[in-house]
1. Peptide B:172-182: average number of partner chain Cβ atoms within 10 Å per residue?
2. Taking the alpha-carbon distance from B:Lys63 and a cut-off under 19 Å, which lysines remain once sequence neighbours fewer than 8 residues away in the same chain are dropped?
3. Cα-Cα over 28 Å: which of B:Lys126/B:Lys196; B:Lys126/B:Lys169; B:Lys40/B:Lys144; B:Lys40/B:Lys126?
4. Rounded to whole Å and ordered largest first, report the semi-axes of the equivalent ellipsoid of the protein assembly as shown derived from its Cα gyration tensor (root of 5λ).
5. Per residue of B:23-30, how many C-beta atoms from partner chains lie within 10 Å of its own C-beta, taken as a mean?
6. What are the ³J(HN,Hα) couplings of segment B:195-204, residue after residue, when phi is run through the Karplus curve with 6.51, -1.76, 1.60 and θ = phi - 60°? Round to Hz, x for glycine and proline.
7. When we measure straight from the Cα of B:Lys162, which aspartates and glutamates land under 16 angstrom away, once same-chain ones fewer than 8 places off are left out?
8. How many nm separate the modelled label positions at A:Lys89 and A:Glu171, each set 7 Å beyond the Cα in the direction of the Cβ?
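Read-outs: derived from the displayed coordinates by stated rules, not from any lab. On a predicted model such as this, the values are computed, not experimentally measured, just so you know. Every residue, glycine among them, receives a Cβ derived from its backbone with ideal geometry; neighbour counts consider all protein chains shown.
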Amino acid sequence: MEQEQLSLWLAVVSYVIAGMLAIFGVVFAKKYEKSILFFMLVGLVLHAVAIGLRWIRLEHGPYLTMFEILSSNLFTLMLFFILFYWRYKPVRPSAAVVLPILFIMMAWMMFTPHDSGMLPASFDTIWLWIHIGFGKVFMGAVLVAVGMGGIIVLRKYHWAEKKFANLPSNERLDDLAFRFMAVALIFDSLMLIAGALWAQDAWGRYWGWDPLETWAFITWLVLVITLHLRATFKLSCEQGAYLIFAVFILGFLTFYGVPFISDAPHQGTFG
Amino acid sequence: MKSLSNCLITYSASLKTTLFLFLTLGLGVVLWHFTEHRLKDWIITIPLLLLAFNLMVALLTNKIFRVQGWLLLFHIGLLLLLLLIGISQVTKLIGSVEVTQGTEFSVSSAQWEQGIFHSNRLEQLKFKLESFTINYAPAYGSVKRLDTQAYVTWLDEEGGLKKGVVGDKVPLEIYGYKLYTTYNKGFAPMFNWYPKQGLPISGSVHFPAWPEFELNQTNELQIPGTAYRVWLKLSFFDPIFSTEKPSQFRIPQDAILIVRVDEQRYELKPGEFIDFKTGRLEFAGLNTWMGFQIFYDWSLFWILGASLLALFGLAGHFWQKFAPSPWLDDLEKKKKEKQ
């Protein structure tokens with residue numbers, strides 16, 4: 001238990017150092033890219049150890065309590081962003097936008113009770129893994145798009161325009177963002193399909209409009225509207241960025257808010 | 001006249017119309033949650049119907065679908081999905097039933113909602129819940145539910161007697177109806193009513209689900225053929241679950257049935273009875289019941305197929321659009337062009 005906590009705290013410290021370096025790098029026009037990647041990777045390894053130790057102790061994966069969901073999502077979002085950071089060198093300064101967003105999740109996670117939950121029988125299925133896995137890729141892809149959108153919006157301000165001057169043009173960032181939004185749509189759709197298969201098995205209905213299903217559908221619909229608008233109307237890069245933020249906020253609230261304020265079966269059934 | 005029809009087609013297939021309908025659908029979904037009106041399903045159904053129409057007209061008239069095969073596949077998949085969901089809504093059945101252990105399924109105790117074109121065959125379902133087990137394990141000072149197994153016998157469509165075990169993710173399937181076990185279960189006192197005139201009648205009363213309504217184990221019994229209505233309460237101290245070792249849902253050993261008839265209170269153990277002017281009510285013993293979810297939807301497989309077809313088309317469309325010009329290569333090319 002202590003090792004688990006220590007690993008988690010050290011992981012968060014590493015992530016925060018990476019985030020601070022990303023912000024300083026942009027503000028003071030310094031190249032800390034290798035250090036940022038190093039601290040993100042160290043954080044990820046320590047985070048994996050913390051999750052692994054908890055998994056062994058509780059004998060189930062990190063998907064039951066708010067703490068576990070925040071922790072596992074933070075882990076996968078970090079993993080997704082690290083891969084992006086490693087591959088897309090020209091847009092690495094987007095870490096200064098993305099990592100502070102993850103700081104919110106980190107703070108929330110650390111202040112959330114680390115209690116354990118009980119695993120309902122309905123969670124004992126491969127579809128849970130598939131459903132959650134697709135959901136994590138969806139959020140990871142939207143997070144990267146948010147990074148691009150964040151730069152586009154920040155560039156409106158004179159001080160930030162200079163800081164991000166070396167990055168590709170807004171049009172190029174917008175193009176990259178929407179490529180990731182396309183990936184997000186595919187994985188969000190897969191998440192809904194896998195979820196429906198799970199629900200049919202677990203509760204005898206593939207779709208029941210429970211609050212989480214409703215908000216997941218609304219998130220999907222807003223994502224579709226965003227891509228539809230981008231494909232058919234001449235949206236400005238800034239308008240596109242705001243739509244990306246809307247999808248991210250809705251996805252965030254659906255993932256981390258709705259399951260914990262509703263009594264729907266998604267929360268698990270403990271009878 | 002021709003221009004009017006052209007105008008109608010243009011509007012019907014318009015992408016602006018699609019956008020408007022998306023927004024209407026989103027709003028409808030939100031409103032659906034805040035209304036209890038009996039026609040509330042229509043606030044989702046109407047935008048979906050209009051979207052299907054919009055999509056169909058677009059598929060027939062928009063030239064882009066003739067040149068972009070993947071996009072065509074995606075939209076055909078979507079249209080099929082919408083049509084199948086529509087057909088499913090008018091042909092499916094969703095319901096629930098509580099079955100007492102050791103007794104047969106009775107359609108009279110089932111509750112359901114069915115589409116207008118559903119050909120109801122619930123009367124033909126013949127199955128008996130022989131017994132069931134629900135295992136629990138100790139977990140962090142409490143217990144957690146493990147597997148559920150219901151032992152059932154049923155008559156198949158050819159009239160053959162079948163025996164099997166269903167539970168959790170394995171439903172009982174008869175005549176296309178899927179019967180899923182649920183976490184709903186509880187206690188059921190069994191009664192024999194011996195009227196002074198006529199034949200004895202046996203039956204049971206289901207107490208609310210346990211442990212969900214642990215503190216409200218009460219119900220009422222209307223004695224058949226009489227005006228007597230008696231109030232029942234189950235009382236026991238035997239802990240059903242153990243927080244230290246594996247346990248099963250079971251009948252408590254010290255259960256007492258408290259019966260109130262008007263102002264008179266009785267405490268009955270199995271085999272004990274109450275005499276009324278018109279007959280004798282015997283408490284035959286305590287049993288258990290299990291809740292089943294009833295589901296019928298022939299279109300499930302096809303809905304899944306249409307969803308995957310649409311997604312395959314969408315993935316193909318994006319691949320065709322983005323793969324020939326990877327973003328990093330594109331960026332490099334643009335840089336060189338600038339230089």
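1. Average neighbour count from other chains, rounded to a whole number: 1.
2. Within reach: B:Lys16, B:Lys321.
3. B:Lys126/B:Lys196; B:Lys40/B:Lys144; B:Lys40/B:Lys126
4. 55, 33, 18
5. Average per residue, whole number: 3.
6. After applying 6.51 cos²θ - 1.76 cosθ + 1.60, I find x, 5, 10, x, 8, x, 10, 10, x, 9 Hz.
7. Cα-Cα hits under 16 Å: B:Glu104, B:Glu130, B:Glu173.
8. 2.5
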